[in-house]
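Below is one structure, written out as structure tokens; the observations come after it.
Derivation of every value follows stated rules applied to the coordinates shown; laboratory data play no part. Keep in mind the model is a prediction, meaning the values are calculated, not measured. Note: ideal-geometry Cβ built from the backbone for every residue, glycine included; neighbour counts use all protein chains shown.
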Amino acid sequence: MKELLTMFATFFKIGLFTFGGGYAMLPMLQREVVENKKWATEDELMDYFAISQCTPGVIAVNTATFIGHKKRGVLGATFTTFGVVLPSFIIITLIATVLTAFSDIVYVQYALAGIRIVVAALITSTVIKLIIKGVKNLFQITMCVLAFTLIVFLGLSPVYIVIGAALFGLAMGKWGKIK
């Protein structure tokens, strides 16, 4: 039971201090889950994060569920999921209660603008770390640039890009062209 409570507390902290969604959560997940607790390796975390992006639901919740399940099965998944969701539930409930009364205050608008800037920096940092750790050869660089181009400049849905990349990776792996 102690381990389950530790898992809950760890993901509660991650949920409490991660602003900006799943991408902004990755640095904290990496520090807590990989470095501090050693519940997953760097590669496993990247795999969980990638799968979480491709499955329905919130990335943070999906990632927490995968890690909890790996560590302690369904019970672990339940504790980590509840841990990561509870802070958002509490905060959103509090904000919804008072936001309409304070949303017109200029200082609240300034604070939110500042938070958005930091979230953008967190997401950029995460993307750079993912590229450094996951893109290691010319083939992967080409795939990364192609996916970026198709999504950003041509407006294709990331869902189609991820499915296409997975199918392409499976085909290339079958013929031994990529690792």
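Cβ crowding within 10 Å ranks M143, M1 as M1, M143, fewest other Cβ atoms first. Length available on full extension from F17 to L170: 0.36 nm per residue minus the Cα-Cα distance, which gives 51.4 nm.
Can you list which of the chymotrypsin sites (Phe, Trp or Tyr not before Pro) found in region 92-157 are DSSP loop residues with at most 10 other C-beta atoms within 10 Å?
Values: sites: F102, Y107, Y110, F139, F148, F153; in loops: F153.
Counting only loop positions with at most 10 other Cβ atoms within 10 Å, the chymotrypsin sites (Phe, Trp or Tyr not before Pro) in region 92-157 are F153.
Overall, the anisotropy analysis places the chain in the oblate class: the square-rooted eigenvalues a ≥ b ≥ c of its C-alpha gyration tensor yield a/c not less than 1.5, with a/b not exceeding b/c.
Sorted fewest first by neighbouring Cβ atoms within 10 angstrom, D104, D47 come out as D104, D47.
Each of T100, Q53, N137 was placed along the dipole of the chain (beta-carbon charges, centred on the mean Cα), and the one lying farthest toward the positive end is N137.
A straight chain from T55 to I95 at 0.36 nm per residue would run longer than the Cα-Cα distance by 11.6 nm. Extending 7 Å from Cα along the Cβ direction at Y160 and again at L86 yields two label points whose distance is 4.3 nm. Working note: Karplus 6.51/-1.76/1.60 with θ = phi - 60° gives region 102-118 the couplings 10, 5, 8, 6, 4, 5, 5, 5, 5, 4, 5, 5, x, 4, 4, 5, 5 Hz, where Gly and Pro are set to x. Dividing the helix sum by the residues of the chain, where each DSSP H run of 4 or more adds -39500 (n - 2.57), gives a mean residue ellipticity at 222 nm of -27500 deg cm²/dmol. Tilt of helix 138-152 relative to the longest C-alpha principal axis of the chain, in degrees (0 to 90, nearest 10)? Between helix and principal axis, roughly 50 degrees.
Which value, in debye to the nearest 20, describes the size of the charge dipole of the chain about its Cα centre when Lys and Arg Cβ atoms bear +1, Asp and Glu Cβ atoms bear -1, and nothing else is charged? Spell out each step's value before the answer.
Values: 15 positive and 8 negative charges, 103 e Å.
I would put it at about 500 debye.
Going from the fewest other Cβ atoms within 10 Å to the most, the residues S125, S103, S52 appear in the order S103, S125, S52. Dipole of the chain computed with +1 at Lys/Arg Cβ and -1 at Asp/Glu Cβ about the Cα centre; of A165, T6, L29, farthest Cα towards the positive end is A165.
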